[in-house]
Structure formats: structure tokens, C-alpha cells
Amino acid sequence: MSGTMAEQIYDHLVGQIIDGSIRPGQRVEEQAVATQFGVSRTPVRDALRQLAGTGLVEFRPNKGVTVVDLKLDELMEMFEALGELEALCAKMAAQRMTQLERRALENLHLEATQVIADEDEGRYFDLNNQIHQAIYSGSHNQSIAAMTENFRQRLMPFRSSAGIVTHRMRDSHEEHQQLVDAIVPGDAAKAYEAMRNHVARSSLTVLNVLKDRESRSKRSA
């Protein structure tokens, strides 16, 4: 994606798609979005390409870019798959991380502790991603790490739109503590369960928020 404007357009469209302002099957007009933001079509196309990568929109012949009708049941299946993949990464990281990697993971978690005290949600979101990335990398299996990252990126718009950081910052940090306590000493079984439970809890929060939005949207329709 090229630059800040494309990121702003991406974030704006994600919000509109998930809150129902842009409905499933509706076409996203490049020129209308470009006019709205006062830009050329280039950053709009960049944003739409990233949206297509998440599965929120698709490019259809003769129909342009349309919003995908992604059901909550499908999202639930994707979150379930993510949980298993992340748990596998955590298990392998506990077995394979070098001492330097384990120390780096501990340091990220310690930094997050201070961020929690400062109530800096933006910084915690960044550190949360870094912690998960460190675990993927620590699995020392590029194929599994890449697959896990792909799923995580596809689901990221739903997690960010649902306000997952606001809802779960402190709970997430406590769950990360369980992960660190398992991975650093090399307890693979405990690391697997800790990550699986961590992703399940965060996924449930997202799905509940989205279900509530869907119900409110139907009532107001």
C-alpha cells in the first residue's frame, strides 16, 4: 500500500463494511471514494487491494469491487483455525526458540507491562502484534508461520473494528504472561494450551461484539 492516505482509506472502508454502512454485495466505487477523500484513484486502488487480501471485498468481472457477504459462522471457523495455528506456533516456539529469542519475548512482555500502566492502547496494540510475531518466528517453521500470519492478517480488520484492545487489554496481557511462563522454560504442552485459550477468548470477544452490532442493525432496518 502506498502511504498514509491509502491506509486512511483502508481503515475507513473496513469500518463501513463491518458496521454495515456498506452492505454485502454492494459495489465500492473507486471514483466515489477518491472524490470523498479528495485524492486520485491510486491510493483507493491500493486500499482496495489490501481489502481484497482480507477477504472483505472481491474483484468481480464487469462488476468491479463488491463487498463479500461473510457470515459470522464463517468467521467463527476462521478464528478456530487461527487458534490452532497460533497454538502450534507457541508449542514449537517453546521447543525451538534460542535463548536470545526467549529473552526478547520476555522483554516485549515487560515493556507491555509498562504500557498497560500508562493505558496506552495504541502502543499495546503494536506490542501485542510484536509478541505474536516473535512466537511465529520462534517456531522456526516458515511455512506454518506464514500460514498463521496470513490468517491473522485476514482477521485483523474484525479485531481492530471490534475494539479488541479496549475490551481486552488487561486480560490479554495476563494471558500473555501465561504464554511467556510456558514458552521461556520450554513447556510445549502448556504453551499450546495457553495460546489456544488466549486466541479463543479474544475471538469470543470479537464475535460477541459483531453479533451485537448485527442484531442492532437488523432492529434499526
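The values are calculated or read from the model by the stated rules, or taken from the named source; none is laboratory data. Note that the structure is a prediction, hence the values are computed from the model and not measured. Methodologically, a virtual Cβ is constructed for each residue, glycine included, from the backbone with ideal geometry; neighbour enumeration extends over all protein chains shown. Accessible surface areas use protein heavy atoms only, side chains included; no ligands, DNA or RNA. Shrake-Rupley method; radii C 1.70, N 1.55, O 1.52, S 1.80 Å.
Quick one: is Ala81 small (Gly, Ala, Ser), part of a helix (DSSP H, G or I) and over 19 Å from the mean Cα position of the chain (by Cα)? In short, no. In segment 1-65, counting only helices (runs of 4 or more DSSP H) that sit wholly within it, none holds 3 or more residues that are hydroxyl-bearing (Ser, Thr, Tyr) and closer than 21 Å to Arg154 by Cβ.
Residues are listed down the side, and each one gets a yes or a no for (1) more than 24 Å from His132 (Cβ to Cβ); (2) in contact with a strand residue (DSSP E or B) (Cβ under 6 Å, 6 or more places away or on another chain):
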| site | (1), (2) |
| --- | --- |
| Val44 | yes, no |
| Val65 | yes, yes |
| Lys91 | no, no |
| Arg102 | no, no |
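One residue alone among Phe37, Phe59 is open to solvent by 90 Å² or more (accessible area, probe 1.4 Å) and of a type outside the set (Asp, Glu), and that residue is Phe59.
Within segment 14-34, if we keep just the residues that are without any contact (Cβ under 8 Å) to a residue 40 or more places away in the chain and out of contact with any strand residue (DSSP E or B) (no Cβ under 7 Å at 6 or more places or on another chain), the residue that is surrounded by the fewest Cβ atoms within 10 Å (Cβ to Cβ) turns out to be Gln31. Of note, Arg96 does not satisfy the criterion of being surrounded by fewer than 19 Cβ atoms within 10 Å (Cβ to Cβ), closer than 28 Å to His12 by Cβ, basic (Lys, Arg) and in contact with a helix residue (DSSP H, G or I) (Cβ under 7 Å, 6 or more places away or on another chain). Is segment 69-83 home to any residue that is touching a residue at least 60 places away in the same chain (Cβ under 8 Å) and open to solvent by 80 Å² or more (accessible area, probe 1.4 Å)? Yes: one or more hits.
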